[in-house]
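For reference, the structure discussed in these notes is given below.
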Amino acid sequence: MQKELARPPSPWHDLAAHLPGDLKFAFRTAIASLIALYAAMWMQLDTPRWAAWTVLTVSLPLPERAFSKGWHRMAGTLIGAAMGVVFAALFAQAPLEFITAMALWAALCVYVGTRARGYQTYATALTWLTTAIVAMGSLADPNAVLMVALT
């Protein structure tokens, strides 16, 4: 007699099993994103969409992981903004030195990111990204670097 092989579960079955929890997560995230957008608009920030985008980026199904990711995101953003101000202040009139310093900073962030684990890697990537946004965003008007960093 030949034994029948068990059929693997259908992917639709797995989707249906997780649907209630996934819908709750999606609803929570959408509400939090809208609240962040409203708060940013109420505070009259220049680009309120970044508040909603941050909620969508940091959101995870498990709240304790979202807190950890948010903490690392904040740390990476603050360090990157500070370094962007430093680079813009030090090299405002020296484009070659500016690009060299940015490249070395990027190399350091990549090196630290490859050595780090978990959300620390995420923080180092955001550190470099924020540095580039702040420093390069103020090249046309170096006097506005602090406003670029704060925004």
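So the values come out like this:
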| read-out | value |
| --- | --- |
| Modelled FRET efficiency - R0 30 Å, LEU139 with ALA66, Cβ distances, 0.05 increments | 0.30 |
| Potential extension, TRP42-GLU97 segment - 0.36 nm per residue separation minus Cα distance | 15.8 nm |
| 1.4 Å probe accessible area per residue over the chain, in Å² | 74 Å² |
| C-alpha long axis of helix 63-90 to longest principal axis of the chain, angle in ° | 20 degrees |
| Convex hull (Cα only) mean projected area of the range 59-151, reported in nm² to one decimal | 6.0 nm² |
| Apportionment of accessible area to carbon and sulfur, the chain, percent (1.4 Å) | 71 percent |
| With Cα atoms, 0 to 90° folded angle of helix 49-58 axis to the chain main axis | 50 degrees |
| Cα-based helix-to-principal-axis angle, 119-137 vs the chain, degrees rounded to 10 | 40 degrees |
| Unit charges at the beta carbon, dipole of the chain: most positive-side option, SER33, PRO95, VAL148 | SER33 |
| Average Cα contact separation per residue, the chain, under 8 Å, 6 or more apart, as relative contact order % | 23 percent |
| Estimated 222 nm signal from helices in the chain, with DSSP H stretches of n ≥ 4 weighted -39500 (n - 2.57), rounded to 500 | -26500 deg cm²/dmol |
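The values are calculated or read from the model by the stated rules, or taken from the named source; none is laboratory data. Given the structure is predicted, the values throughout are model-derived calculations rather than measurements. Positions of Cβ are generated from backbone atoms using ideal geometry, with glycine treated the same way; all protein chains shown enter the neighbour counts. Quick note on the areas: whole protein, heavy atoms, side chains included, nothing else; ligands and nucleic acids left out. Shrake-Rupley method; radii C 1.70, N 1.55, O 1.52, S 1.80 Å.
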